[in-house]
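Worksheet for the structure shown next.
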Amino acid sequence: KAGISQAINSVPFLAEPEEARAYEIGLKTSLLDSRLTFNTALFWNDIKNYQQQVQVFDAYTTEQTNDGTSYFTAATGNAAKVRARGVEVDVLYRPIDRLSARLSLAYNDAYYRDFKNSGQPVENGNLTSQPLRDVSGSTLPGAAKFTGNLGLDYNQPVFNGYVAHGNFNLAFTSKYNSDVRLSSYAEVPTYAIGDLAVG
């Protein structure tokens with residue numbers, strides 16, 4: 001991402017551009033007379049100056065209040081270093097005509113390597129003298145460690161060009177935090193969603 005120029009209470013503040021080094025190696029195969037497709041990939045991303053909400057010094061409010069307290073506010077800024085690494089697997093199997101099964105799995109280890117200017121979460125609202133929090137080593141918000149998807153699909157010609165079909169899909173996501181400040185109140189527990197369709 002390119003850099004961002006912004007004003008915080010009329011004081012200029014720059015979010016530095018991101019720099020990323022991304023590596024990926026994978027395998028794509030077709031087996032059993034093309035009835036089985038197997039794809040997998042390993043990935044590793046190192047990101048410098050990762051852009052997101054941070055806490056920055058509010059010079060205007062500090063000067064206007066003039067009570068000996070340094071004030072901070074939220075703005076788009078940079079987490080110094082982020083790493084995301086993992087593996088993805090995708091399998092499609094057609095054991096018989098008109099029946100297919102798909103399985104996809106992913107492991108994603110995405111975390112802050114260096115992020116010392118995160119804001120305090122809502123449960124730390126009493127820590128007014130410590131507006132910044134070091135969350136280095138913590139998992140990024142919205143980044144579940146494990147996700148998966150299982151699907152089955154079957155179709156059968158019936159009459160006059162019509163086709164009866166049915167499918168089932170199950171999506172799985174392990175727990176993750178949905179708050180940029182990593183509040184304990186924003187933990188989303190592990191869940192799965194199933195869909196069944198016929199037509």
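The values are calculated or read from the model by the stated rules, or taken from the named source; none is laboratory data. For clarity, every value in this text was computed on a predicted model and none was experimentally measured. All Cβ positions, even for glycine, are placed from backbone atoms using ideal geometry, and neighbour counts span all protein chains on display. Note: areas computed on protein heavy atoms with side chains; ligands, DNA, RNA excluded. Shrake-Rupley method; radii C 1.70, N 1.55, O 1.52, S 1.80 Å.
Tabulated data for the structure shown
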| read-out | value |
| --- | --- |
| Number of the condition not met by residue 160 [criteria: (1) touching a strand residue (DSSP E or B) at 6+ places or on another chain (Cβ under 6 Å); (2) without any contact (Cβ under 8 Å) to a residue 12 or more places away in the chain; (3) open to solvent by 80 Å² or more (accessible area, probe 1.4 Å)] | (1) |
| Matching entry among 45, 49, 39 (being assigned to a strand (DSSP E or B), within 22 Å of residue 133 (Cβ to Cβ) and at pLDDT 95 or above) | 49 |
| Some residue of the range 175-183 being outside any strand (DSSP E or B), open to solvent by less than 60 Å² (accessible area, probe 1.4 Å) and acidic (Asp, Glu) | yes |
| Residue list for the range 105-146, filter: within 30 Å of residue 36 (Cβ to Cβ) and surrounded by 17 or more Cβ atoms within 10 Å (Cβ to Cβ) | 106, 108, 144 |
| Failed item, numbered, when residue 7 is tested on (1) open to solvent by less than 90 Å² (accessible area, probe 1.4 Å); (2) touching a Leu at 6+ places or on another chain (Cβ under 6 Å) | (2) |
| Residue 30 being under 19 Å from residue 90 (Cβ atoms), assigned to a loop (DSSP other than H, G, I, E, B) and of a type in the set (S, T, N, Q) | no |
